[in-house]
1. Can you compute 3J(HN,Hα) from phi for each residue in region 126-132, using the Karplus curve 6.51 cos²θ - 1.76 cosθ + 1.60 with θ = phi - 60°, rounded to whole Hz and x for Gly and Pro?
2. Along the Cα→Cβ direction, 7 angstrom out, place labels at Arg33 and Asp68. What is the inter-label distance in nm?
3. Give a residue-ordered list of calculated ³J(HN,Hα) values for region 102-107 (Karplus: 6.51 cos²θ - 1.76 cosθ + 1.60, θ = phi - 60°; whole Hz; x for Gly, Pro).
4. Where in region 85-109 is the amide nitrogen less than 14 Å from a point lying 7 Å along the Cα-to-Cβ axis of Ser43?
5. With the crude spin-label approximation of a point 7 Å out along Cα→Cβ, what separation in nm comes out for Asn85 versus Asn187?
6. Mind giving me the FRET efficiency for Ser110 and Val8? R0 is 41 Å, r the Cβ-Cβ distance, nearest 0.05 is fine.
7. Would you kindly find the accessible area of Ser155, with a 1.4 Å probe and non-protein molecules such as ligands, DNA and RNA excluded, rounding to the nearest 10 Å²?
8. Sum up the charges of everything whose Cβ sits under 10 Å from the Cβ of Gly53, counting Lys and Arg as +1 and Asp and Glu as -1, but leave Gly53 out.
Amino acid sequence: MNRRNVLVGLGTIVAGGGAALGTGAFSSVEANRTVTVNTAGDSSAYLGVSVTGNYAVNGGSGDAVEIDLGDSSTADGFNDDAVTNVDGILTLSNNAADGNQITVGFGDGSGSQTATRTIVVETDSNGDAVVEVDFELASDDGSGNQKTLSDTTSSVDVNATVRTGSEATSSSSTVDKTSGSLTLIAN
């Protein structure tokens, strides 16, 4: 028997043994572990949400912050057929315990972040906007999509532009009729 046949035979035995006995890797593991998750109120959570203006209130006892821009059926509202800018409704801050940077933005409905978000508050019988609010971060990171809060000393204000009556720009074809909540995303 020549050396080549011996090497081929040994190679076949080793490969066959490896296939029969496996490589030592595994395909799944099941293990029980303890996980603890703590929650905090909006102002002291990892993404701090603080009320800084007259148009928002703390929900109380850990509830979410609520933005209240008035009631159009009473005198507690904005001028009709007007554009009103409201600065500093909320302040978002980086309270991450590890001091790492986070990026914040508004959810755009598809899971992505954006630095602005329009919410239609009221529509007419045709479905056109009568009152809409453009929320925006006071400054973004240059991408137009988010604001990077570099460490625990960083914060950004949330501003709003309220458009009423003829100043509202969303038509029935572009109105998101399920609007009404503003989603913040932090990564």
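The values are calculated or read from the model by the stated rules, or taken from the named source; none is laboratory data. Note that this is a predicted model, so its numbers are computed, not measured. When we count neighbours, we look across all protein chains shown, and the Cβ atoms used for this are built from the backbone with ideal geometry, even at glycine. The protein model used for the area step is the full one, side chains on, heavy atoms only, and it has no ligands, DNA or RNA in it. Shrake-Rupley method; radii C 1.70, N 1.55, O 1.52, S 1.80 Å.
1. The phi angles translate into 8, x, 7, 5, 10, 9, 9 Hz.
2. 4.4
3. For region 102-107, the Karplus curve yields 10, 10, 10, x, 9, x Hz.
4. 90-93
5. Spacing of the two 7 Å Cα→Cβ label points: 3.0 nm.
6. Between Ser110 and Val8 the formula returns 0.10.
7. Answer for Ser155: close to 70 Å² accessible.
8. Counting the neighbours of Gly53, the net charge comes to -2.
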